[in-house]
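Taking it in order: structure first as structure tokens, then the write-up.
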Amino acid sequence: MVDYHRVVITGAGAVSPYGAGVDTLVENLLNNVGAVQFVQELKDTPFINSFVACKVPEIDFTFIPRQYRRYMTKMSLYAVMACQEALKNASIEKPSDDTALYIGSTMSSISSWLEFTKKYFDKELNMVKTMAVFQVLNHSPLANVAQALDMKGPGYFVSNACASSLTNIGLAYQMIKAGFIKRALCGGTEEYHPIFTGCFSILNAASTNFNDNPQKASRPFDKDRCGIVCSEGCAMLYIESLESALERKANILAEIKGFATNTETKNIAHPSRDSMQQCIQMALNDAKLKTTDIDLVNAHATSTVAGDIEEVSAIGNVFGKDIKVNSLKGHIGHSMAACGSMELISIMKMMLKNKVAGTLNLDNIDEQCNVVNHIRSTQEIKINNFVKNSFALGGTNASIVIGRYN
């Protein structure tokens, strides 16, 4: 019989549309503060009919030495800051040489690529600086974090669209569980560009009906929802084997109990409740937990008409109508590759506070979504175990089970 290791979370860091820090993120969520804003550049761009997004406010990154910072785009800056907070939170002064790094983004920096290709089409490649080459590499955040934090351990850059961060956490969990590594920094990062909103406009999946009232634009499960509000940021976890955490007397925040991922093959553009349901059930099986052991499901729930229906139907099929469900995208929009880890950290912190934020802007539940117990306002709730979902465009699904450490 294989002797698997228990895997615990001992550190967390985040940069969100509210600014730097996990505490800032969670406090604003619990206080129902919406981060969606009007973006003039979107309105000025032809053929994009959604003018709202969530953007990280200005942050001073000069604490990162220039020798590293000059090679970084925003997503790498966010990642370094989030990793440093996670390490500090875990009482780690410097990551050990065997610390693995798992991080991903949806794609490399769009703004950097546009500048690069403009030089190409203007026949000015000779004007491209060396650092620009490193900024457009797909794994740029991985390389930049490793350099800035002097991380010499294994590095993995998994890009699975909106499931990227949860996939990276899940893979790190599996490696520690199996004994291949002992500790890891894991999560996802993203920097916003109007092209993101443009892509969802092409798919008729961007929020368009609340351009004059941005705070109402992202509304998961609501009958008036009309699409995604794109966002940005980074969230990183420091995870390790239980033996490692106990040996160094670490403060254990929570335990990763199960993980699963699968791929939807029926349609590349449309989600399927059957595939989602299978993914959730596999995560529960990995955790060796029953459906009655789960107190909350934090849904991916992007505020699209079809996606919300398919996911909540899958959740209802697995857990029944009494399961408590919330989504945080009404507050902070959809941060793409960072959403899984950002929302996981948020719910984990809420679990420790015995207080959970409701789904913002869920004023009138869509009849087809009214198959579970939706949390619509901040409530005091005791959570022992929760499920976090990330279901990505293109068919990649991921579900993870997090519990209190006993």
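Looking at region 1-148 from every direction and averaging, what is the projected area of its Cα convex hull in nm²?
13.8
When Lys and Arg each count +1 and Asp and Glu each count -1, what net charge do the other residues less than 15 Å away from MET72, Cβ to Cβ, add up to?
Around MET72, the charge tally is 0.
Report the convex hull volume per residue for region 106-239, counting only C-alpha atoms, in Å³.
154
Once you place label points 7 Å from the Cα toward the Cβ at ASN138 and VAL305, how far apart are they in nm?
Taking the simple label geometry, ASN138 and VAL305 are separated by 3.4 nm.
Can you give the three extents of the C-alpha atoms in region 322-394 along their principal axes, from longest to shortest, in whole Å?
If we take the Cα atoms of region 322-394, the spans are 34, 31, 19 Å.
Expressed as a whole number of Å, what is the distance separating the alpha-carbon centroids of region 322-394 and region 124-151?
35
Taking other Cβ within 10 Å of each residue's Cβ, how do TYR120, TYR192 sort, fewest first?
So the residues, fewest neighbours to most, are TYR120, TYR192.
With r defined as the distance between the Cβ atoms of SER96 and THR291 and R0 fixed at 45 Å, what FRET efficiency is calculated, to the nearest 0.05? Please list the in-between numbers first.
Working: r = 38 Å, r/R0 = 0.85.
Computed FRET efficiency for SER96 and THR291 comes out at 0.70.
Taking every DSSP beta bridge that has both residues in region 7-401, what percent is antiparallel when rounded to the nearest 5? Mind dumping the intermediate values first?
Values: 37 of 54 bridges.
The antiparallel proportion sits near 70 percent.
Relative to the present Cα-Cα distance, how much length would full extension add between ASP212 and SER377 at 0.36 nm per residue of separation?
57.0 nm
Report the full-extension gain for the segment GLU367 to HIS270: residue separation times 0.36 nm, less the Cα-Cα distance, to one decimal in nm.
Working it through step by step, the gained length comes to 32.9 nm.
From the square roots a ≥ b ≥ c of the eigenvalues of the alpha-carbon gyration tensor of region 297-350, which class results: rounded (a/c under 1.5), prolate (a/b over b/c), or oblate?
oblate
Can you spot the aspartates and glutamates whose alpha carbon is less than 15 Å from LYS43's alpha carbon? Ignore those fewer than 8 places along the same chain.
By straight Cα distance, LYS43 reaches ASP212.
Average projected area of the Cα convex hull of the chain, in nm²?
Mean projected area for the chain: 19.3 nm², to one decimal.
Taking a quarter of the surface of the convex hull around the Cα atoms of region 178-324, what do you get in nm²?
Projected over every direction and averaged, the Cα hull of region 178-324 covers 11.5 nm².
Would you mind calculating the relative contact order of the chain from Cα pairs under 8 angstrom and at least 6 residues apart, reporting the percent as a whole number?
Reported as a whole number, the value is 24 percent.
Just subtract the alpha-carbon distance of LYS353 and VAL128 from 0.36 nm times their residue separation and send over the number in nm, one decimal. Can you show the working numbers first?
Values: separation 225, 0.36 × 225 = 81.00 nm, distance 4.97 nm.
So the chain would gain 76.0 nm between LYS353 and VAL128.
For a label point 7 angstrom out from the Cα of TYR405 toward its Cβ, which stretches of region 7-37 have the backbone nitrogen within less than 14 Å?
7-12
Looking at the P(r) of region 74-154, how many percent of alpha-carbon pairs lie beyond 20 Å?
That tail contains 41 percent of the Cα-Cα pairs.
Where a ≥ b ≥ c are the square roots of the eigenvalues of the C-alpha gyration tensor, would you call region 267-406 rounded, which needs a/c under 1.5, or, failing that, prolate if a/b is larger than b/c, or oblate? Before the final figure, lay out the partial values.
Details: a/c = 1.36, a/b = 1.15, b/c = 1.18.
Because its axes are fairly even, with a/c under 1.5, region 267-406 counts as rounded.
What distance in nm lies between label points placed 7 Å from Cα along the C-beta direction at THR45 and THR62?
It works out to 3.1 nm between the two label points.
Determine the relative contact order of region 226-318: mean sequence separation of Cα pairs under 8 Å and six or more apart, normalised by residue count, in whole percent.
Values: 70 pairs, mean separation 32.1, N = 93.
Across region 226-318, relative contact order equals 35 percent.
Quick note: the coordinates plus some simple rules give every number you see, no bench work behind them. Bear in mind the structure is a predicted one, so any value in this text is a computation, not a measurement. Here the Cβ is made from the backbone with ideal geometry for all residues, glycine too, and neighbour counts use every protein chain on show.
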